[in-house]
Structure formats: structure tokens, C-alpha cells
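First the structure, in the form of C-alpha cells, and then the observations on it.
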Amino acid sequence: MQRLKIEGSKRLCGEIEIQGAKNSALPILSACVLTRDEVSLKRCPPLSDVYAATRILSALGCKCKRNGDSLVIDSSSIDGAEISDELMRRMRSSIIFLGALLGRLGECTLSFPGGCELGPRPIDLHLSALRQLGAQIEEEHGSLICRCPKGLRGTLVNLSFPSVGATENIMLAACTAKGETIISNAAREPEICDLANFLTECGARIKGAGTQRIVIEGVNAGSLHGCEYTVMPDRIAAVTYLSAAAITDGEVFIKGANGTDLEAVINVFRQAGCSVYEYGEGIYLNSSDKGLKSVGMVRTQPYPGFPTDAQAIVMACLTKARGTTIFVEDIFENRFRHVDELVRMGANITTEGRVAVVSGVRRLSSAAVFAPDLRGGAALCVAACAAQGETVISNVELIDRGYDSIENALAKLGAKANRIK
Ligand code: EPZ
């Protein structure tokens, strides 16, 4: 088991280039199944979740080749429509292959993706939407057996919740469905727009991505061609490094980050007393020399609200802010598992259901802590940068799911961060 060792209370200063977005690369990798041509994905981050997706593609008969920060995928010889239980369990979001496989092959069998550390991760919205498009889906013995005997046919799908994954799955299935599909109450996250841009580059006809109403005009499956595409910057990784600077009275420039994707979070940094500017190709943050202020309330919401993935990270940042901040986690049932670990580092946080009350403390102290999940682990790294002494963080493999060597990025900004085997 690998661990991170971070020596705290060093001001983080400097510039780093942000990685490509995990939550855009994953649906785009699934979308590669839709074309028989080669796709070159630039700025595709070397993350363990991305590796898990390439293992699924390879198991389906696709060829994947890493070429520096690009990944080249050739799905011409796809010969399978089944994703094993082992591969499905490696990454919960592999349900995102469902829509693409139905679009390309008209069938697929995959095992029910497990729940995860954030609580039950139902897929009812995915399944009901795909059934409305004409898929026959049987759930038996933990597997989903999916067929489209009459092909997929476009229709109006109204999502009861703007689920990111369900929106992506419908887009992937609808690209080659007969006729027009309208997604009402669609997710509006920037990653949805990135997927739509990629699919359009391949010849799909999609309008309205980024709004609550997406219209997809089905095209002939054979007309979808390959392309070269650059994955959008990872907005949550950007929040992580901005938070590490803010909590250490630092000053950083995150090259390649897009402030438009993060307005709700930038607003919180500003309320906390930081100067944050977007200029050129990146985001600049200079923390307040008077220390951080609490910001009242942070409530997680679908985009463009405050992103749930930033909740743990910004909470860690505000553990040293003067005053009290209330966090309300409205998206996931169980997304406060980082709280106990932050309290071990001296934070003053109490939780009740989906509410966490964070009262600022003057200092955090190092401790041996365990990453509870991907973003909870990133939150511990942020806190460790400001804690007195040396913090050791275990379960680093959970952090590696979404960060391309978080310790190197923090070290480039002046943190004393190392990985120990
Ligand atoms: C995506 O997950 C992201 N993952 C998550 O990031 C992110 O937290 C989430 O969107 C919200 O922004 C990827 O993109 C790979 P949802 P997804 O469907 O698609 C409920 C990270 O840390 N729901 O929008 O699974 C669900 O239980 C990860 O990078 C249903 O009830 O999110 C949850 O409460 C974590 N039925 C809420 O909707 C469904 O069929 C949001 O889920 C689907 C979802």
C-alpha cells in the first residue's frame, strides 16, 4: 500500500499546468466505441480510472495506445459486447459504456455496477431512459442483459433529476438512434458540453449541450468518423490546488484551468477573502494576508451550482477560516466521510445528516489519516499542506483514481510532499 507524506505550513506559490478532466475523459472514452475510425485524445490524464476504462475497451476488442499525454483508441475491430464483473466493479461509472455499446452494437451485457463510498449509486434513470429509446434490459443475477431488437428510436426523455451519467448515456445511445431525441432536464455540467463537442467532431448532430434541453438528431452509425480531440481541463483538480494555496496564504496560477467552469467555487474563495482572477489561459489566486474568513453556507447543487466534488476539498480549506461555515451536501447521501479524518487533524466539524458545521480553528496538526474516497483524500492533502508537522495519508490509490500524481503537483507549488511505498 502506498502512502503520501506531506510536511505542512509551507506557503504554496508558483504555477502548474492542470491535468485533463477525469469526468470528461471517461464518457469520451466510452463514446470512442461509436466510431470505426481511430480517435486521438489529447490531454487524456494517466489516471487509474482512465486505465480501467482502457481495460474495458481492450476487453471489447478495441486497441488503446498511450502516446505521451494522448491516448489513441481504435474501435474498428470491436468484437465483444460484454463487460465482466471484475471490470465493472473496478470503476462504478463504467455504466457509461451502456449507451455507447447499444448505439454501436445494439446489445450488451454488463454486471450491475456496485454502490460506492458515496452511498448507493442507483442507475434507475439510466435504465428507464434507455428503455424509452427502445432498449430491452433484463436485470438478472446481478447482470444487465440489454438488446435493441428493433434498434434505438429517438424520443422525448424527461429526467426526474439532472443526472450527469444518465444524460451522457442517453446522448451516446441517441447519436445513432432513428429520429430525434430530446433530453429534458438534462445535466448542464461542463463535462456534458465536452462530450457533446467530441461527438460533434465525430459527425454527431447535437444541440443544446450545457442547457436543460439537449436535442440529438440520430445519424447513420457508419457516418460517425474518428477525430483528434483535446479533453477539457479538470475543474475539480483545479479547485484542489487553489484550495491548497488558499489555506497556506499562498499565491498560485493554475495554467489551463477555465474559470467559467468554476464560478460558484471562485465566488466562495472570494467571499473567504482571496483575490481570484481568470486571465490568459488560467486562474490566479492570491490568498488573503489576513487569513481566510468563513462564508456562511455552501450548498452543493447540479451545475451551475456549487459542485459536490468540490465539497470535501473546500471544506478542508475552510477548516482554518475565521467563523463558521455550514455545508449542505444535497447530491450524495454519504459524502462526509472525510470529516472524521479532518477532525483527527484538529478541525472542528460536526455533522447531522447532510449538514456539516465547520468552525474555524487557528491551527491544524499533522496525523496519520486514511483517504475515505477520491475527493475526501484530496481534501486531506489540502489540510496536510497547512497542518503543523508531517501528515501521512493512506489509501493513496483512491486519490490516484482522479489525480495525476497529486504529490508532484503540490511539490511544484512548494509543498514538501512525497509518496512512500
Ligand atoms: C458524475 O457521477 C461524476 N462522475 C461524479 O464525480 C460527480 O460527483 C457527479 O456526476 C455529480 O456531479 C463521473 O462523471 C465519472 P449523477 P454520476 O448521476 O453520473 C442520483 C468524482 O469524484 N442518481 O449526477 O454518477 C445519484 O445517486 C465523481 O469525480 C439516481 O438516483 O452522478 C446521486 O445522488 C464522484 N439515479 C445523484 O443522482 C440514477 O440513475 C447525482 O448522480 C443516477 C443518479
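The values are calculated or read from the model by the stated rules, or taken from the named source; none is laboratory data. Quantities reported herein were computed from a predicted structural model and do not represent experimental measurements. Positions of Cβ are generated from backbone atoms using ideal geometry, with glycine treated the same way; all protein chains shown enter the neighbour counts. These area figures cover heavy atoms from the full protein model, side chains too; ligands, DNA and RNA do not enter into them. Shrake-Rupley method; radii C 1.70, N 1.55, O 1.52, S 1.80 Å.
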Return the residues of region 275-312 that are among the polar types (S, T, N, Q), more than 16 Å from the ligand (Cβ to nearest atom) and either under 23 Å from the mean Cα position of the chain (by Cα) or modelled with pLDDT of 95 or more (or both); say none if nothing qualifies. SER275, ASN286, SER287, SER294
Cross-chain or 6+ apart pairs with Cβ under 6 Å, region 201-215 first and at positive phi, then open to solvent by less than 30 Å² (accessible area, probe 1.4 Å): GLY203/LEU224; GLY208/ILE214
Residue check for ALA100: within 30 Å of ARG153 (Cβ to Cβ) and within 16 Å of the ligand (Cβ to nearest atom): yes
Looking at this structure, is LEU380 touching a His at 6+ places or on another chain (Cβ under 7 Å), touching a residue at least 24 places away in the same chain (Cβ under 8 Å), within 16 Å of the ligand (Cβ to nearest atom) and within 25 Å of ASP330 (Cβ to Cβ)? yes
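Residue by residue through region 255-283, note down the ones that are open to solvent by 40 Å² or more (accessible area, probe 1.4 Å) and part of a strand (DSSP E or B). Break it down stepwise before answering.
Restricting attention to region 255-283, the residues satisfying the condition of being open to solvent by 40 Å² or more (accessible area, probe 1.4 Å) are 255, 258, 260, 263, 267, 270-271, 275, 277-281.
Those that are open to solvent by 40 Å² or more (accessible area, probe 1.4 Å) and part of a strand (DSSP E or B): LYS255, SER275, TYR277, GLU278, TYR279.
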Go through region 170-182 and report how many residues are in contact with a Leu (Cβ under 6 Å, 6 or more places away or on another chain) and either open to solvent by 10 Å² or more (accessible area, probe 1.4 Å) or within 13 Å of the ligand (Cβ to nearest atom) (or both). 1
Strands (runs of 3 or more DSSP E) enclosed by region 1-89 - at least 3 residues per element that are away from the ligand (no atom under 16 Å from the Cβ) and farther than 23 Å from GLU201 by Cα: 3-7, 13-17
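Would you mind stating whether ASP249 is modelled with pLDDT of 95 or more, of a type in the set (D, E, K, R) and part of a loop (DSSP other than H, G, I, E, B)? Can you show your working first?
Numbers: modelled with pLDDT of 95 or more: yes; of a type in the set (D, E, K, R): yes; part of a loop (DSSP other than H, G, I, E, B): yes.
So ASP249 fits the description; yes.
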Quick one: ARG43 ticks every box in (1) of a type in the set (Lys, Arg); (2) on the phi < 0 side of the Ramachandran plot; (3) in contact with a strand residue (DSSP E or B) (Cβ under 6 Å, 6 or more places away or on another chain) bar one, so which box is it? (2)
Residues that are buried (at least 22 other Cβ atoms within 10 Å of the Cβ) and polar (S, T, N, Q), drawn from region 55-108: SER75, SER94
Kindly list the number of the only condition in (1) of a type in the set (Val, Ile, Thr); (2) open to solvent by 30 Å² or more (accessible area, probe 1.4 Å); (3) in contact with a Leu (Cβ under 7 Å, 6 or more places away or on another chain) that fails for ILE349. (2)
Candidate set from region 213-243 (those that are within 27 Å of GLY256 (Cβ to Cβ) and assigned to a strand (DSSP E or B)); member that is least open to solvent (accessible area, probe 1.4 Å): ILE214
Selection count, region 109-164, where residues are of a type in the set (Asp, Glu) and either within 15 Å of the ligand (Cβ to nearest atom) or open to solvent by less than 30 Å² (accessible area, probe 1.4 Å) (or both): 3
